[in-house]
Amino acid sequence: MGKYFGTDGFRGEANKVLTASNAFLTGRYIGWYYSQKHEDHRARIVIGKDTRRSSYTLEYALSAGITSSGADAYLLHVTTTPSVSYCCRTDGFDCGVMISASHNPFYDNGIKIMRANGQKIEPEIEEKIEAYIDGDHDSIPLAERENMGNVIDYAAGRNRYIGYLMTVPTRGFNGVKVGLDCANGASWNIARAVYEALGAKVYVINNNPDGLNINENCGSTHLGTLQEYVKKNHLDIGFAFDGDADRCLAVDENGEVVDGDQIMYLCGKRMKETGQLDGDTIVTTIMSNMGLYKACEALGIHTEKTDVGDKYVAENMLKNGYSIGGEQSGHIIFLKYATTGDGILTSLMVMMTMLEKKLPLSMLAGEMKHYPQCLKNVVVKDKKAAQEDPEVRKAVKAAADQLGENGRILVRPSGTEPKIRVMVEALTDEICVKTVDQVIDVIKERGLAAQ
């Protein structure tokens, strides 16, 4: 990770960490960088944003930077991260930018940059952007006169993405009662349109964004509201998206949560049965539950583990030709249809699995048994120092030895926040909590936690 860019772009509190000035300089650099690749036409960069109030400021600043370097900025306006990725892949853009802090609260924001194939940009380009932000801003010339770029309305690209999603299912959803929690985010004007076009009886909540309520007690990080809503209205299924709709979690007909591991399992099983699971392999991150690996092993499905971050999952899938992968948090990639996580697409794949199997989601997801898991975060002064402290490492090794083959411990830094995440899986909840607390106590005793 660099100074500004983490595992999921440049993210921080708007106007404090991620300022309009930083957005302008980022736009200025990528406008210049991609313009160098063309002699006969301007570079073309497509921009989307979520519903945060600060997204508008950052959109204008990015556009100003891009056009000042002679490239054209195409505005999708409020839209999802996967729609930006889709437009990159299908419409010949040099790169795409999504303004969003995903599942973070409204006062945070982020800049996610994608290359022409819809994947996140290479680390070396991120490093060049960081060097430019902290360096000589006059090292890049300003475009003049007719060489200045244009800002172009591109809402049509978002509409084409909606149309594309409608073509993915091989059957209609007629009569199925579907609940959608849009997190007051980017999916609010897209998800309903897709599901209504496919014939579902659609029930939508948290689809009234005001710039401040994105992810506020709703969406994929706060599932309680959707759980109650599904039960109260006797729905067949519910889906919850995050602020930029690149992740999706589900709720079954009984109001029980179905997480990303279970989604990968039930979709991967269907793909194997229909000959669509390339390499008979599902790509996961190191955070996936042991229950997923046990369930896959019983079906003859292989698994591969990557570092945390959907970009690492995507890299593995593209390198090896695998067709499904993702994270427990709901970032799921179906490589036949997309090169990044897509929450609405994921929900459609779950729907198709449920309808083809003619079974309720509770039965499909219930085949995978979760190992009890406890994850706690501790805010630290220095993530690297906390993770490499000899006493902390000693405590982690002792915990791993105690768990043996009946569990595991994982200690890792957050990619976007000053936190160390401590996760334990074991046979019981009590063992999980006790083991996590033992390690966190050592971090605090060593003076590594922030006050």
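Rule-based calculations on the coordinates, nothing more; no lab input. Model, not experiment: these values are computed from the prediction. Because the Cβ atoms are built from the backbone with ideal geometry, glycine has one as well, and the counts that use them run over all protein chains shown.
Numerical summary
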| item | result |
| --- | --- |
| Ranked list, fewest to most other Cβ atoms within 10 Å of each Cβ, for S35, S21, S102 | S21, S35, S102 |
| Top positive-direction residue, dipole computed over the chain with Cβ charges, set I121, V258, L361 | L361 |
| Part-to-part distance (alpha-carbon centres) for region 333-351 and region 216-240, which is given in Å | 20 |
| Lone cysteines, the chain (no partner Cβ under 4.7 Å) | C87, C88, C95, C182, C218, C248, C267, C296 |
| Aspartates and glutamates whose Cα lies under 16 Å from that of K397, excluding same-chain neighbours fewer than 8 positions away | E388, D389, E405, E425, D437, D441 |
| Within region 3-111, trypsin sites (Lys or Arg not before Pro) in DSSP loop having at most 14 other beta-carbon neighbours inside 10 Å | K3, K16, K37 |
| J(HN,Hα) series, region 402-408, from Karplus relation 6.51 cos²θ - 1.76 cosθ + 1.60, nearest Hz, glycine and proline x | 5, 6, x, 7, 9, x, 7 |
| Computed magnitude of the charge dipole of region 89-190 (debye, nearest 20; Cβ of K, R +1, Cβ of D, E -1) | 1020 |
| Qualifying trypsin sites (Lys or Arg not before Pro) for region 358-451 [loop in DSSP, other Cβ within 10 Å: at most 16] | K358, K369, K381, R446 |
| Options L292, N150, L235, ranked by Cα towards positive dipole end of the chain, top entry (Cβ charges) | L235 |
| For N150, distant residues with modelled amide H under 5 Å away | D72, A73 |
| Residue pairs, from the table K232/K272; K37/K384; K112/K384, whose Cα atoms sit over 30 Å apart | K232/K272; K37/K384 |
| Whole-Hz ³J(HN,Hα) from phi, Karplus 6.51 cos²θ - 1.76 cosθ + 1.60, for region 300-309, glycine and proline x | x, 9, 7, 10, 10, 10, 10, 5, 5, x |
| Three principal axis lengths of region 277-436 [C-alpha, angstrom, descending] | 52, 30, 25 |
| Estimated [θ] at 222 nm from DSSP helical runs (n ≥ 4, -39500 (n - 2.57)) normalised by residues in the chain, nearest 500 | -12000 deg cm²/dmol |
| Leading residue at positive end of dipole, region 321-451 (Cβ point charges), from M349, P372, N406 | M349 |
| Trypsin sites (Lys or Arg not before Pro) within region 135-183: DSSP coil, no more than 12 neighbouring Cβ in 10 Å | R171 |
| With at most 11 other Cβ atoms within 10 Å, longest stretch of the chain clear of loop GluC sites (Glu not before Pro) (DSSP) | 145-451 |
| Packing-based exposure ordering (other Cβ within 10 Å, fewest first) of V84, V168 | V168, V84 |
| Other-chain or far-sequence residues with amide H under 5 Å of G6's (modelled H) | R11 |
| Packing-based exposure ordering (other Cβ within 10 Å, fewest first) of D72, D134 | D134, D72 |
| From phi via Karplus (6.51, -1.76, 1.60), per-residue ³J(HN,Hα) for region 29-38 in Hz, x at Gly/Pro | 5, 5, x, 6, 4, 6, 5, 5, 7, 10 |
| Cα gyration tensor shape for region 229-273, rounded if a/c is under 1.5, else prolate or oblate | oblate |
